[in-house]
Amino acid sequence: MIESLYIGGTMIYADYNATAPLRPEARAAMLAAYDLGATNPSSVHKAGRAARAVVEKARSEVGAAIGSRAEDIVFTSGGTESLALAIQGAVVALDGAATLIVSAIEHEAATKAAAHAGVPVETAYVLPTGQVDLDDLRARLAAWDRGLKGTPILVLMLANNETGILQPVAEAAALMREAGGLTVCDAVQGLGKVPVNVALLGVDYLAVSAHKIGGPQGVGALWHRAGAPLKAVLYGGGQERGLRSGTENVAGIAGFGAAVSQSVLELSRYVSLGPRRDAMEARLKAEGGVTVIGEGSPRLAGVSNFARAGFRAETQVMALDLAGVCVSAGSACSSGKVKRSLVLMAMGADDALAESAIRTSFGWNSHPEDFARLTDAWLEAHHRAAPRQQA
Ligand code: PLP
């Protein structure tokens with residue numbers, strides 16, 4: 001059992017999908033990299049070669065975690081840049097002869113990269129289960145006019161950041177392949193929480209980020225299938241085989257490598273959060289009348305998104321914050337500017353539910369007691385607010 005950073009203290013951190021605390025292994029790897037001194041991996045001298053070794057070790061670690069060759073991995077500044085490189089870099093390589101099909105529940109990093117890619121964008125609908133509608137995708141591809149629309153490129157996440165719902169990526173990628181299309185997978189929330197293997201997924205591009213798994217912020221990677229169309233979107237010194245210019249963040253990359261290796265080693269520990277999450281949801285339903293979003297769908301073990309119609313999400317977040325519990329309303333990047341969840345709306349949730357859903361997410365350093373303490377705090381806040389809701 002691991003000691004929580006916050007247990008016994010004043011705070012319970014249940015916002016891992018926003019960012020996870022830094023793992024000690026990542027911190028140690030970063031400090032070791034900083035201690036190398038001046039580190040530019042492109043320099044040919046001894047110091048540069050030492051930096052290069054650090055970067056290449058991490059590349060192998062990230063590759064091992066997703067079942068890929070190291071050389072097919074490009075380090076970036078995070079998930080956002082990895083998605084921009086995949087989506088826009090594929091479109092550029094295809095000379096714009098492409099149409100993007102973006103699922104209705106993608107993160108803004110994907111939807112906005114697609115919107116700025118300069119080609120038509122279609123929406124892949126999701127079912128009320130929160131999973132992409134494969135029949136709709138199949139029918140759309142069957143009627144695809146390649147002359148008019150070019151290559152179809154699907155953008156589909158592995159696990160949703162708000163609900164934790166897992167997507168049928170392998171099935172969708174197989175449909176795309178049969179239709180001569182491509183698949184970009186946003187695995188930012190899936191990495192380190194479910195097994196990720198690029199060959200089994202059958203995708204062409206896979207975006208990952210360090211800070212969701214206990215690595216540092218501002219580091220990520222894009223895997224691309226050898227031969228998949230991809231051109232750079234940033235130009236400069238030609239680092240990362242010309243696909244991502246800019247001096248590598250050596251210490252950050254070292255931290256990413258250490259974090260990803262550790263998260264794969266601890267996959268079963270993450271999965272073991274599931275029964276505690278389920279027990280939390282059972283109590284919240286029985287005593288607080290909540291609706292659990294995506295309850296019947298395959299989900300990440302450490303995520304619970306639940307709603308209590310009439311109890312506004314921002315009120316819940318503030319009440320929990322006062323009780324020393326950190327959670328999010330809506331997606332992480334919209335925390336602070338709480339708005340109705342587009343993900344829940346895409347799943348067909350009504351306004352009352354979409355306005356009252358909060359996301360709790362646990363991870364590598366969560367303490368088993370965090371679930372019960374969060375439940376107690378939420379029920380107390382709910383009971384306090386209940387008379388006002390009825391008024
Ligand atoms: N994709 C998903 C599903 C995310 O949850 C996030 C972060 O919130 C991103 C992409 C963006 O990753 P980063 O913060 O590393 O740019």
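Listed values, structure above:
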{"item": "Any chance GLU108 is open to solvent by less than 40 Å² (accessible area, probe 1.4 Å) and either out of contact with any helix residue (DSSP H, G or I) (no Cβ under 9 Å at 6 or more places or on another chain) or within 15 Å of the ligand (Cβ to nearest atom) (or both)", "result": "no"}
{"item": "Residue match in region 46-57 (condition: in the same structural domain as TYR205 (by TED's automatic domain parsing) and either within 16 Å of the ligand (Cβ to nearest atom) or not in a helix (DSSP H, G or I) (or both))", "result": "no"}
{"item": "Number of the condition not met by HIS116 [criteria: (1) over 15 Å from VAL208 (Cβ atoms); (2) away from the ligand (no atom under 16 Å from the Cβ)]", "result": "(2)"}
{"item": "Inter-residue pairs, beta-carbon under 7 Å, first open to solvent by 10 Å² or more (accessible area, probe 1.4 Å) and in region 146-160, second within 16 Å of the ligand (Cβ to nearest atom) and in a helix (DSSP H, G or I), 6+ apart", "result": "LEU158/VAL169"}
{"item": "Residues satisfying the stated conditions in region 344-378, i.e. over 18 Å from MET11 (Cβ atoms), open to solvent by 10 Å² or more (accessible area, probe 1.4 Å) and in a helix (DSSP H, G or I)", "result": "MET345, ALA346, ASP351, ALA352, LEU353"}
{"item": "Of all residues making up region 15-36, the number that are acidic (Asp, Glu), surrounded by 18 or more Cβ atoms within 10 Å (Cβ to Cβ) and away from the ligand (no atom under 16 Å from the Cβ)", "result": "1"}
{"item": "Subset of region 182-204 that is surrounded by fewer than 22 Cβ atoms within 10 Å (Cβ to Cβ) and not hydrophobic (A, V, I, L, M, F, W, C) - its residue that is nearest to VAL62 (Cα to Cα)", "result": "ASN197"}
{"item": "Filter pass, GLY78 being assigned by TED's automatic domain parsing to the domain that holds ILE165 and at positive phi", "result": "yes"}
{"item": "Filter pass, LEU127 being under 25 Å from the mean Cα position of the chain (by Cα) and open to solvent by 20 Å² or more (accessible area, probe 1.4 Å)", "result": "yes"}
{"item": "Matching option when the condition is crowded, with 19+ Cβ neighbours inside 10 Å and among the charged types (D, E, K, R), among GLU71, GLU61", "result": "GLU61"}
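The rows are residues; the columns are (1) part of a helix (DSSP H, G or I); (2) at negative phi; (3) of a type in the set (A, V, I, L, M); (4) touching a residue at least 12 places away in the same chain (Cβ under 8 Å).
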| site | (1), (2), (3), (4) |
| --- | --- |
| ARG283 | yes, yes, no, yes |
| GLU287 | yes, yes, no, yes |
| ASN305 | no, yes, no, yes |
| ALA319 | yes, yes, yes, yes |
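The values are calculated or read from the model by the stated rules, or taken from the named source; none is laboratory data. This is a predicted model, so every value here is computed, not measured. So basically every Cβ, Gly included, is an ideal-geometry build from the backbone, and we count neighbours across all protein chains shown. In case anyone asks, the SASA skips ligands and DNA or RNA and just uses the protein heavy atoms, side chains included. Shrake-Rupley method; radii C 1.70, N 1.55, O 1.52, S 1.80 Å.
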